[in-house]
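Enquirer: Please find one structure pasted underneath; my questions will follow.
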Amino acid sequence: MDDIKRLKVHYPWIQTPLIVSAPMRLIALADMAVEVSKAGGLGFIGSGTNQTNLASDLQSAQSLLRDSDIHSSTLPIGIGFINWGAHLSTTIPLIQQYKPCAVWFFAPSTPASLQAWTEQTRHASPDTKIWIQIGSVAEAKDALAVHPDVLVIQGTDAGGHGLAQGAGITSLVPEVIDTVRTMCPNAKPGSLAQAPIFLAAGGIAESRGAAAALCLGVSGVVMGTRFLASNEANITRGYRDEIIRAADGGQTTVRTKVYDILRGTTGWAESHNARGVVNRSFVDAQGGLSETDNKRLYKVEEGKGDVGWGVEGRMTTYAGSVVGLVKEVRASADIVIEVREGAREVLRSLAEHVDKSRW
Ligand SMILES: Cc1cc2nc3c(=O)[nH]c(=O)nc-3n(C[C@H](O)[C@H](O)[C@H](O)COP(=O)(O)O)c2cc1C
């Protein structure tokens with residue numbers, strides 16, 4: 001069975017190419033996940049490192065899905081975890097109860113912890129698929145130990161957290177796919193040893209980027225930054241306005257640990273940092289302002305509301321280098337449909353060019 005068919009069997013409501021909304025912690029909640037899945041994509045709740053609200057988020061998703069046309073033996077949304085800080089023992093009963101179609105694992109502290117999460121999830125809900133987000137060929141090889149169903153290949157353009165040192169998807173995706181396929185030769189279709197399905201993340205916000213990723217060999221794409229400017233994103237107006245304003249993301253976003261430090265988000269390994277829009281906090285840190293003073297100014301800024309965002313603001317604005325292509329706030333469902341249909345159109349017109357020997 002080819003990968004597109006496998007996707008359609010595992011997630012029967014989807015349309016392809018598959019468009020996925022990333023599990024952005026505190027931002028991608030039940031309404032975004034449900035709207036994305038209802039539009040034929042696959043939406044994730046971002047549960048991150050803190051599962052306090054997970055039961056109520058899942059309950060909301062379940063009730064929002066009650067009148068939908070989706071027929072699935074699993075809950076047709078996924079849950080994303082940041083594994084180094086997530087709580088396995090509180091999560092497993094919820095996976096058993098709600099049976100999400102997928103769980104998304106990211107940044108486990110050790111291979112053994114990834115093994116525990118995977119085994120216990122499969123035991124609690126055998127139809128829940130295991131997705132793992134990786135950012136390098138080495139991480140992809142390591143992930144194979146748990147036989148993931150899906151590998152999300154995250155390039156360095158991605159917004160939010162990822163490997164501090166990385167490559168863009170144009171080089172990373174084909175190298176990961178070639179390496180993984182070589183390591184999973186002749187596995188029986190449907191067996192755990194079969195190569196995972198591949199998706200690309202990082203630097204995709206519209207149809208041309210999605211089409212380009214499909215040309216690299218993935219079956220679908222994940223977008224985070226694009227969905228920050230959606231009706232369903234749980235963010236402040238200041239944050240959303242800054243996503244719409246920022247342009248030329250190669251210059252105006254940066255991978256750094258500064259924002260984590262200011263926000264007191266401790267626990268990420270040295271190997272990881274996060275991409276966000278450059279603002280006064282970062283510029284001052286570069287200029288030598290002490291951590292203590294920068295934190296104090298950040299706290300003051302927190303009290304200012306929406307004006308705390310912007311080039312002269314101090315509030316963290318995690319976003320990817322693709323931010324300059326995000327120009328309007330849309331409904332999540334419209335984003336899914338527009339990118340999916342647009343990518344098909346880009347590929348169709350390229351194929352036509354080749355057919356007519358224009359190249
Ligand atoms: C604001 C923001 C928050 C994110 N939070 C998470 C998270 O909690 N867990 C996770 O696995 N990935 C997270 N990511 C990364 C996404 O999973 C994804 O790799 C990334 O958004 C893709 O790149 P793009 O932003 O260019 O679309 C986040 C991304 C953003 C922009």
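Enquirer: For the stretch 1-71, just run the numbers: alpha carbon Rg, then divide by 2.2 N^0.38 Å, N being how many residues it has.
Expert: Scaled against compact globular proteins, the figure is 1.15.
Enquirer: If you line up the Cα atoms of the stretch 227-359 on their principal axes, what length do they span on each, largest first, in Å?
Expert: 63, 30, 26
Enquirer: Quick one: how many lysine pairs in the chain have C-alpha atoms under 18 angstrom apart, if they're 8 or more apart or on different chains?
Expert: The number of close lysine pairs in the chain is 11.
Enquirer: Percent antiparallel among DSSP beta bridges with both residues in the chain, to the nearest 5?
Expert: 20
Enquirer: What spacing in nm lies between the two simple spin-label points modelled at Q286 and A124, each 7 Å away from Cα in the Cβ direction?
Expert: Between Q286 and A124, the simple spin-label model gives 4.3 nm.
Enquirer: Determine the calculated [θ] at 222 nm for the chain from helices alone, applying -39500 (n - 2.57) to every DSSP H run no shorter than 4 residues and normalising by the residue count; nearest 500 deg cm²/dmol.
Expert: Mean residue ellipticity at 222 nm (helix-derived): -12500 deg cm²/dmol.
Enquirer: How much net charge surrounds S21 when only the other residues with a Cβ under 15 Å from the Cβ of S21 are counted, with Lys and Arg +1 and Asp and Glu -1?
Expert: -2
Enquirer: Tell me the angle of helix 88-98 to the major Cα principal axis of the chain, expressed in degrees between 0 and 90 and rounded to the nearest ten.
Expert: 50
Enquirer: Still on this structure, I have one more. Can you give me the accessible area per residue for the chain, using a 1.4 Å probe, in Å²?
Expert: Accessible area per residue: 43 Å².
Enquirer: What's the Cα-based Rg to Rh of the stretch 79-218, Rh via Kirkwood?
Expert: Ratio of gyration radius to Kirkwood radius for the stretch 79-218: 0.96.
Enquirer: I would also like to ask the following. Please report how far the C-alpha centroid of the stretch 276-296 lies from that of the stretch 46-60, rounded to the nearest whole angstrom.
Expert: 32
Enquirer: Another question, then. What translational D, rounded to a whole number of µm²/s, comes out for the chain from Stokes-Einstein when the hydrodynamic radius is the Kirkwood one over Cα pairs, at 4 °C and 1.567 mPa s?
Expert: 63
Enquirer: Determine the gain in length on full extension of the stretch N53-D306; use 0.36 nm per residue of separation and subtract their C-alpha separation, reporting nm with one decimal.
Expert: 88.6 nm
Enquirer: Still on this structure: Could you give the nm distance between label points at Q115 and D69, where each point is 7 Å from its Cα heading toward the beta carbon?
Expert: Computed distance between label sites Q115 and D69 equals 4.6 nm.
Enquirer: Now, a different point. Under 11 Å from the Cβ of S73, count the other residues' Cβ atoms, weight Lys and Arg +1, Asp and Glu -1, and hand me the total.
Expert: Here the charged neighbours net out to 0.
Enquirer: I've got another one for you. Let me check I've understood the local charge: for G238, count other residues with C-beta under 13 angstrom from its C-beta, Lys and Arg +1, Asp and Glu -1. What total comes out?
Expert: -1
Enquirer: Based on the mean of other Cβ atoms within 10 Å per residue, sort peptides 2-11, 60-69 so the most packed one is first.
Expert: Descending packing order for the listed peptides: 2-11, 60-69.
Enquirer: Shifting gears a bit: Roughly what would the spin-label model give for W359 and L297, points 7 Å off Cα along C-beta, in nm?
Expert: A separation of 4.9 nm, rounded to one decimal place.
Enquirer: Give the carbon-plus-sulfur fraction of the accessible surface of the stretch 266-359 in %, rounded to a whole number; probe 1.4 Å, heavy atoms of protein chains only.
Expert: Carbon-and-sulfur percentage of accessible area, whole number: 53.
Enquirer: Roughly what angle does helix 291-302 make with the longest principal axis of the chain, taking Cα atoms, 0 to 90 degrees, to the nearest 10?
Expert: 80
Enquirer: If you don't mind, another one. Please sort 156-168, 110-122, 197-209, 235-247 by packing, taking for each peptide the average over its residues of neighbouring beta carbons within 10 angstrom, highest first.
Expert: Going by the mean number of other Cβ atoms within 10 Å, highest first, we get 197-209, 156-168, 235-247, 110-122.
Enquirer: Now, a different point. Can you tell me the 0 to 90 degree angle between the C-alpha axis of helix 111-124 and the longest principal axis of the chain, rounded to 10?
Expert: Tilt of helix 111-124: around 60 degrees.
Enquirer: Hey, another quick one. By per-residue mean of other Cβ atoms within 10 Å, what is the highest-first order of 134-147, 77-90, 259-272, 23-36?
Expert: Listed from highest to lowest mean packing, they are 23-36, 77-90, 134-147, 259-272.
The values are calculated or read from the model by the stated rules, or taken from the named source; none is laboratory data. This structure is a prediction, so every number in the text was calculated from the model and none was measured. So basically every Cβ, Gly included, is an ideal-geometry build from the backbone, and we count neighbours across all protein chains shown. These accessible areas exclude ligands, DNA and RNA; they are computed on the full protein's heavy atoms, side chains included. Shrake-Rupley method; radii C 1.70, N 1.55, O 1.52, S 1.80 Å.
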